[in-house]
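Colleague: The following block contains the structure, expressed as structure tokens.
The values are calculated or read from the model by the stated rules, or taken from the named source; none is laboratory data. Model, not experiment: these values are computed from the prediction. Here Cβ is always computed from backbone atoms with ideal geometry, including for glycine, and neighbour counts include all displayed protein chains. Protein only, heavy atoms only, side chains kept; ligands, DNA and RNA dropped before computing areas. Shrake-Rupley method; radii C 1.70, N 1.55, O 1.52, S 1.80 Å.
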Amino acid sequence: LQGSANALKLNNKEAEINQKARLQAAQDVQKRFPGIEGATALTPRARAFFDERTQQITARLRAQALQVPEPTAGQLGYRQSAEQERLNAAAAAARKQEEERRKKMKPSAGTIIEYLTGDPSSKYYDPRGHGGANYHEHLAFQTVQQRDLAMRALRAEGIQIGSVEGGRHAPGSYHYSRQAFDVPAAQVPVGQEPGLSARVRQILARAGFTGKGMEGLTSGKTLAESSAEISIKELEKAQRLAEQRQKDQQDYSKKQQEEADQNQSIYNQLQARLQVSKAITEEEKIRAEYGVKINDLETQLKEEISNMVDPAQILIREELRRNEIYQTRIDMLQEIADLQVKQQSEQISAQWQDQQVTLAATLSDYYSQQSEQLQEQNQYAE
């Protein structure tokens, strides 16, 4: 009897703890998810949060309430048995409640109230208005908000939207009430139109839309959840486009810089060649030609360094190229020196030849004078 009385008290205490835990968990849900009222209005995410908070609060309240003397073995066994039965009953009740909630509540991002297609395999096939050469998808929704969300979902996946509110349509068309839009099949090659229709339906089903054309494809997402996912996709798509534009801009800038460097190199070569062509002396030609070689080496050094990352490799390559430049300058000076020696030698040879000619002329004059004197002496002797 005493054990039964204690078990009854424990059950009453446990019921009180469960009630307090659910009330406090419901308050936490309202703080976390504003706008939700009542357990039947909970979204799957809010329901999971509610269950988790209920378990946490129940455990805390239970720990506070169990600060009592240790129970006897009989009391402990009865308590465990009662607790197990209670947990089993609570789990069964929770499963039943969840099943009833799911039956009553069908999450949806929106409802398609009119669907016409040129796909012959669909029961919504409309050969006269939407098939053949005029193949396109026509979708109408309960509200303008749902229509806009559906267009966002399709555009995020690369689907082009056709007529929305403009154009000519049948009298009383949902286009005129801003509830419908078309998806043209001209955006795919001929013969692939049914594939486009299937893709449109799949995208809208994944976005959480129900209704006509969505039979067997519904994902069970709410309007808020679908809108959030579409916003994320749109943001990712915009980010990819921005990154691609930035990369294209960088590639364009790099190409422009390369063209500018190439034009500058050509200009420098032309300038060097012009200087060579205008060179008057051999020494000026040598200096101009070697100047072109040195400029080419320095340009090559800059290009090689710009493509390197390792500082050690940069230093080694720079030292090697500098040595080539120094050697080129030494070769230039050596060639100029050889030219000068050659010119001096030619100058000395010319001077020596002039001296020889002068000496020969002098000797010739001397011999002529001696001959004349000898003739005069012979004449005088005669």
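Colleague: If you wrap the stretch 118-166's Cα atoms in a convex hull and average its projection over all directions, what's the area in nm²?
Modeller: 4.3
Colleague: Sort the following peptides by mean Cβ neighbour count (other Cβ atoms within 10 Å, averaged over residues), highest first: 159-172, 282-295.
Modeller: Sorting 159-172, 282-295 by mean packing, highest first, produces 282-295, 159-172.
Colleague: Pick out, in residue order, every one of the chymotrypsin sites (Phe, Trp or Tyr not before Pro) in the stretch 111-210 that is DSSP loop and has at most 12 other C-beta atoms within 10 Å; say none if there are none.
Modeller: Sites meeting the loop and neighbour criteria: Y176.
Colleague: Is the stretch 140-189 best put as rounded, prolate or oblate by its Cα gyration tensor, with a ≥ b ≥ c the root eigenvalues, rounded for a/c under 1.5, and otherwise prolate when a/b is larger than b/c, oblate when not?
Modeller: Judged from the Cα gyration tensor, the stretch 140-189 comes out oblate (a/c at least 1.5, b/c at or above a/b).
Colleague: Further question: Enter the accessible area per residue of the stretch 120-224 (Å², integer; probe 1.4 Å; all protein chains in place).
Modeller: Result: 51 Å² of accessible area for each residue.
Colleague: Ok, one more. If I stretch the segment between K342 and V164 completely, what's the gain in nm (0.36 nm per residue apart, minus their alpha carbon distance), one decimal?
Modeller: Gain in length upon complete extension: 55.0 nm.
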